[in-house]
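Taking it in order: structure first as structure tokens, then the write-up.
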């Protein structure tokens, strides 16, 4: 039986002036665009102005960690949402890309101190990807943006506490 992800905190609100980046892979773009739509809905629902979210496109999922790290190093963003779609094929390529992206994003986030939300689908089929990129709150792009909002709020609180 598959588990259910916890509901995003509905109260997570960014600090005034908070900025966010979305880095999205063009590979499997019809799915990634739906993830992006979900992420933008989450930001809007949290009261984030459209002008406070920058969207950056990269060729595919493999390039996400590089671009996310570069965005983080600018010092301009409170959190970064990483969106992509990797669908299993007939070769081990899926495993290499999926692992590289997950590890790369975790490393980049740890090194830069900027939260990076993982909105990369790793599915066995196109149909599974479509199901995870639907119109509702179960859209994994929406979930990733909600996580980014919550982490940005948490990091802001922790940093403020350390200055006291």
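The C-alpha atoms of the chain define a longest principal axis, and helix 93-112 lies at about 10 degrees to it. The ranking of 32, 91, 112 by Cβ neighbour count inside 10 Å, starting from the fewest, reads 91, 112, 32. Relative to the longest principal axis of the Cα atoms of the chain, helix 64-73 runs at roughly 10 degrees.
All of the numbers you see were taken from the coordinates with simple rules; none came from a lab. Since the structure is predicted, the reported quantities are computational estimates derived from the model, not experimental observations. Counting neighbours? That spans all protein chains shown, and the Cβs are built from the backbone with ideal geometry, glycine included.
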